[in-house]
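Report on the structure given below.
The values are calculated or read from the model by the stated rules, or taken from the named source; none is laboratory data. Not measured: the values here are computed from a predicted model. FYI the Cβ positions are ideal-geometry reconstructions off the backbone, even for glycines, and counts take in every protein chain you see.
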Amino acid sequence: MVDDKVVLVGVDGSKASYKATWWAANYAKHAGLKLQIVCAYSLPSYAAVSFDSTYTSMGDDNAAHADAQEILAQAKAVAQEQGVDAQTLIVTGDPSSVFVELSHNYNLIVIGNRGKGGLAERLLGTTSSSLPAYAYCPIIVVPYTDDDGNTMHLNNTISKVAVGIDASPWGLKALEIAGNLAADNDAQLDIIDAVPGLQGVADEDDVMDSYMEDLEEMLKPLREAHANLEIHKTIVPQSAVNALTKASLDHDVVVVGSRGRGGFTGLLVGSTSQGLIQHAAGPVYVVPRKYVEAEKSRSEGAIDSIDGVQTVAVESADSDKVEALEASIDPKHAA
């Protein structure tokens, strides 16, 4: 069964994943949802490089399991500092495949970005292994550092939401989700329609008016659902990646649809360094094509029993260790 009352966050021992846990805990708390923290590993990759930095002998499942429990203990403590008592899970298997499989059973998965050797590097490194391209539920990617390697500060509440819009089914679903997110948080919604090459064309004002009329037509269901929602709409003559990356500088979350392989996904999670996920200054909420296509039959697509999932009870990590960890993932919040 699909669990729509739970936010799932993946951890692997990297500071990026602990920051994702911090953000996911705050999101879950404000949304009235439960939080599950999952650590996934497979022995072949674990034997080469154990999670973030440690090493173990080939086939040493006991050591891998013990490390996973320690990672979960620290992540659980981070969540508890935000007032959230999370459930902890260990899953054996390749992380990319594990999270795609888990996405059948959840409505939202959160992962961190820019952890050296971390989870996002394995999940987002190439199009063929990218989670947003293949997931069956929305994915939120939380940044850890900026392009210069500086630890990034994130707000623990949502007051401004940006969404990239087009007329595709996943673009319209992104608009719906962004509207609900903004309404639930009493936040401002900024809608961005990126039209590269628009500037300088003949009859530019008339073309702009035409785009604005089309945009307003797409907004009708949203206005009916949320009559009091503060909405701002903008048409920008530049690429979607550039426009949304800029929007991430002063918005608490950016929502975007992904059509899967090629198209937006090529920009978002492909090999190019210019993708939105790789340069965003805040969390990116990706609405995958597969999620939109399967939404009507999601209950049928849920997996009753996913192999390798084990719920584990872990003690919270030492308070001094957690304090140091929080300072490393966001000094402003630790002050």
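Remarks
- Qualifying residues in region 296-308 (those that are in contact with a helix residue (DSSP H, G or I) (Cβ under 8 Å, 6 or more places away or on another chain) and either outside any helix (DSSP H, G or I) or modelled with pLDDT of 70 or more (or both)) - the one nearest to Ile329 (Cα to Cα): Gly308
- Qualifying positions in region 235-259 - within 29 Å of Ala135 (Cα to Cα) and either among the charged types (D, E, K, R) or surrounded by fewer than 17 Cβ atoms within 10 Å (Cβ to Cβ) (or both): Gln238, Ser239, Asn242, Lys246, Leu249, Asp250, Asp252, Arg259
- Filtered by the rule that a residue be part of a loop (DSSP other than H, G, I, E, B) and touching a helix residue (DSSP H, G or I) at 6+ places or on another chain (Cβ under 7 Å), region 141-157 gives Tyr144, Asp147, His153, Leu154, Asn156, Thr157.
- Residues within region 319-332 that are out of contact with any Phe, Trp or Tyr (no Cβ under 9 Å at 6 or more places or on another chain) and touching a residue at least 40 places away in the same chain (Cβ under 8 Å), tallied: 5
- Qualifying residue in region 285-295 (condition: surrounded by 15 or more Cβ atoms within 10 Å (Cβ to Cβ) and either among the small types (Gly, Ala, Ser) or modelled with pLDDT under 80 (or both)): yes
Results for (1) within 16 Å of the chain's Cα centre (by Cα); (2) among the aliphatic types (A, V, I, L, M); (3) surrounded by fewer than 19 Cβ atoms within 10 Å (Cβ to Cβ); (4) more than 17 Å from Leu244 (Cα to Cα), shown as yes or no for each residue.
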position: Val141; (1), (2), (3), (4): yes, yes, no, no
position: Thr145; (1), (2), (3), (4): yes, no, yes, yes
position: Thr157; (1), (2), (3), (4): yes, no, yes, yes
position: Gly164; (1), (2), (3), (4): yes, no, no, no
position: Leu172; (1), (2), (3), (4): no, yes, yes, no
position: Ile192; (1), (2), (3), (4): no, yes, no, no
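- Among the conditions (1) surrounded by 22 or more Cβ atoms within 10 Å (Cβ to Cβ); (2) without any contact (Cβ under 8 Å) to a residue 12 or more places away in the chain, Gly149 misses just one, which is (1).
- Any chance Asn185 is under 25 Å from the mean Cα position of the chain (by Cα) and more than 25 Å from Ala294 (Cα to Cα): yes
- Residues of region 51-107 satisfying the condition of being hydroxyl-bearing (Ser, Thr, Tyr) and modelled with pLDDT of 90 or more: Thr88, Ser103, Tyr106
- Residue within region 217-226 that is surrounded by 20 or more Cβ atoms within 10 Å (Cβ to Cβ), in the same structural domain as Pro196 (by TED's automatic domain parsing), within 17 Å of the chain's Cα centre (by Cα) and modelled with pLDDT of 90 or more present: no
- Close Cβ contacts (under 7 Å, 6 or more residues apart or on different chains) running from residues in region 79-94 that are outside any helix (DSSP H, G or I) to residues that are aromatic (Phe, Trp, Tyr) comprise Gln82/Trp22; Thr92/Tyr41.
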